[in-house]
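To start, the structure under review is shown below, and the notes come after it.
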Amino acid sequence: MKHIRFFFLLSFSVLLACSLLNPSSDEALPSTYKGPIKLTPAQQARVSQENAFALHLLQQTIMRTDEPNVVLSPLSISVALGMARNGAVGETKTEMETALHLTGLEDSTINTYYKTLIEGLPVVDRHVEVALANALWYKEGFQIKAPFLHTNTDYFKTMVAALDFDSPDAVTTINDWCAEHTHNRITSIIDQIGSYVRMYLTNAVYFKGSWQRPFDPKQTVGGQFYTTATTQKNIKLMNLIDTFAYAADDKAQYIDLPYGEGDYAMTILLPVGGLAVDDLLDGLTAESLTSMLASLRLQQLSLTLPRFRTACSFDMKDPLSAMGMQTAFTEWADFSGISDIPLMISAVKHKTFLEVTEEGTEAAAVTAVEFSNTSLPSYPFVVVDRPFLFLIREKGSSVILFAGKVADPEAF
């Protein structure tokens, strides 16, 4: 007999916000800071897999959208699916682990790794505010197995709440939670709750920090950003001459822009003239990214970077399916670790917000600009006036919090 499959949705409310201002007071931030995250060898191996997941996810998402700007939080998606994985069984679990690049790891190693990030990322740098929040919302009367709840509350610090899904107040409650944990940058993740929905897992990531070397607003000027080789738009370009970690090869220029005390950084990858930004991404792997970061050296340079903002919204079902996670979205899904009632994932929603200014970043989008050796001063010129890739990462662990492509920045 064919079973009715009830749905649960994985919803991601994400904000990467590097503030327009320095934190207003030390009291607003955690009182104890521990510096860069220290991972065990097993957890460090997981970071390499996590970054492979981040790049793969970005590649698959860009392939499936016509949007010029794509901003994702691989960390947020990984954490939310990590919670769901704890209820998956058999082929469903195996495919989720394949998509998340989790194969070969014990459950305890995986869950402890997520716990380390959730507890450690907020206390790395006293001048960078990072917060992660998780919640499980279920329909009143729906029975959830205790081990699933205990694992997610213990390792993921997941808040659990029963709601009347037939009431409009349930949508308001979930969306208010999103707004609260993203400082009102993302105010909604769902519009309505379908009759077959039984549960939501939500994750929010918030990042707020100022540049270690801020741009002088007086040096910001109007200029051109080339959205294609033949199309350009007017935008504000920020300018700075300073010392940064920098490298270049025959494919791109790479530059690290540190926040706060330097434990977090935005890494810009600017393809050389003639190389499409998507082609640069297609050739990027976790191994080549590690090699590139290891090649960065401090160097004085002239940097030109757009001041812009953007917001994105994606259903991640197709990218995740292409990465091997297919059964979870079908009636053959096995989430019997959550409930005895048959469940499937009906949607994975993801929203992001990004703003880059002279003082810092509110979300993530990066432009890396090519340089030329001329008769001008001997330091490199990095002029981000065409499509580029960016990463925002914690340098101690190399965990990528946000990643994206910026091809049509919105001026403000």
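Once the cut-off is 30 Å, how many percent of the Cα-Cα pairs in the chain end up in the long-distance tail?
39 percent
Report the calculated FRET efficiency for ARG297 and MET159 (r = Cβ-Cβ distance, R0 = 51 Å), to the nearest 0.05.
Using R0 = 51 Å, I get an efficiency of 0.70.
Within the chain, what is the longest stretch that has no GluC sites (Glu not before Pro) placed in a DSSP loop and near at most 15 other beta-carbon atoms within 10 Å?
Longest stretch, sites excluded: 141-330.
What length, rounded to one decimal in nm, is gained on full extension from ASP250 through to THR187, with 0.36 nm per residue of separation minus their alpha-carbon distance?
Full extension from ASP250 to THR187 adds 18.4 nm.
Restricting attention to the range 301-357, which chymotrypsin sites (Phe, Trp or Tyr not before Pro) occupy a DSSP loop and are surrounded by at most 16 other Cβ atoms within 10 Å? Don't jump to the answer; show the numbers that get you there.
Values: sites: PHE308, PHE314, PHE329, TRP332, PHE335, PHE353; in loops: TRP332, PHE335.
Qualifying residues, ordered by number: TRP332.
Equivalent ellipsoid semi-axes for the range 100-255, as square roots of 5 times the alpha carbon gyration tensor eigenvalues: give them largest first, rounded to whole Å. Numbers along the way, then the final one.
Values: eigenvalues 324, 107, 56 Å².
After scaling each eigenvalue by five and taking roots: 40, 23, 17 Å.
Give me the lysines in straight-line cross-link reach of LYS218: C-alpha distance below 20 Å, same-chain residues under 8 apart excluded.
Within the straight-line cut-off, LYS218 pairs with LYS236.
Could you work out how much longer the chain between ILE341 and ALA45 gets when fully extended? Use 0.36 nm per residue separation minus the Cα distance between them, nm to one decimal.
103.0 nm
Where in the range 258-278 is the amide nitrogen less than 14 Å from a point lying 7 Å along the Cα-to-Cβ axis of ILE241?
none
Treating only the Cβ atoms of Lys and Arg (+1) and Asp and Glu (-1) as charged, compute the dipole magnitude of the chain about its Cα centre; round to the nearest 20 debye.
Here the chain has a charge dipole of around 160 debye.
Can you give the helix-only mean residue ellipticity at 222 nm for the chain, where every DSSP H stretch with n ≥ 4 adds -39500 (n - 2.57) and the sum goes over all residues, rounded to the nearest 500 deg cm²/dmol?
On the way: 9 runs with 106 residues, N = 412.
The helix contribution divided over the chain gives -8000 deg cm²/dmol.
What residue among LEU117, LEU201, LEU296 shows peak mean-square fluctuation when the chain is described by a Gaussian network model with Cα springs under 10 Å?
Greatest mean-square fluctuation among the candidates belongs to LEU296.
Lys and Arg at +1, Asp and Glu at -1: add these up for the other residues within a Cβ distance under 9 Å of PRO258 and post the number.
-1
Between SER210, SER295, SER78, where does the largest GNM mean-square fluctuation fall for the chain, given springs only between Cα atoms within less than 10 Å?
Among SER210, SER295, SER78, the largest GNM mean-square fluctuation belongs to SER295.
For the range 156-217, what does the relative contact order come out to in percent, with C-alpha contacts under 8 Å and a separation of six or more?
This gives 26 percent for the range 156-217.
Helix 74-85 sits at what angle to the longest principal axis of the chain, using alpha carbons and giving 0 to 90 degrees rounded to 10?
10 degrees
List the residues whose amide H sits under 5 Å from the amide H of GLU261, counting only those 5 or more places along or on another chain, with H placed 1.01 Å from N in the peptide plane.
For GLU261, whose amide H was placed from the backbone, the distant partners under 5 Å are HIS127.
Just to check, using Stokes-Einstein with a Kirkwood Rh over alpha carbon pairs, what's the diffusion coefficient of the range 26-134 at 10 °C and 1.306 mPa s in µm²/s?
In µm²/s, the coefficient rounds to 103.
To the nearest 10 degrees, how steeply does helix 146-156 sit against the main Cα axis of the chain, on a 0 to 90 scale?
20 degrees
Using Cα atoms only, what is the angle between the long axis of helix 107-120 and the major principal axis of the chain, expressed in degrees (0 to 90) to the nearest 10?
The helix 107-120 is inclined about 50 degrees to the chain.
Listed here are the pairs LYS157/LYS251; LYS115/LYS208; LYS38/LYS405; which of them are more than 32 Å apart at the Cα?
Going by Cα-Cα distance, LYS157/LYS251 fall outside the 32 Å limit.
With unit charges on the beta carbons (Lys and Arg positive, Asp and Glu negative) and the dipole taken about the Cα centre of the chain, which residue among PRO342, TYR155, SER397 sits farthest to the positive side?
SER397
Assigning unit charges at the beta carbon (Lys, Arg +1; Asp, Glu -1) and nothing else, what dipole magnitude in debye, to the nearest 20, does the range 193-320 show about its Cα centre?
In debye, rounded to 20, the range 193-320 gives about 620.
Would you please give the FRET efficiency between SER195 and SER313, computed as 1/(1 + (r/R0)^6) with r the Cβ-Cβ distance and R0 = 25 Å, to the nearest 0.05?
Numbers: r = 24 Å, r/R0 = 0.94.
For SER195 and SER313, the calculated efficiency is 0.60.
Name the trypsin sites (Lys or Arg not before Pro) in the range 194-231 that are in a loop by DSSP and that have at most 16 other C-beta atoms within 10 Å, would you?
Answer by residue number: there is no such site.
Once fully extended, how much extra length lies between VAL123 and VAL89, figured as 0.36 nm per residue of separation less the alpha-carbon to alpha-carbon distance?
8.8 nm
Any read-out appearing in this document is the output of simple, stated calculations on the displayed coordinates, not a laboratory observation. Treat the numbers as computed from the prediction; the structure is a model and nothing was measured. Heads up, the Cβs are rebuilt from the backbone with ideal geometry, glycines too, and the neighbour counts pull from every protein chain shown.
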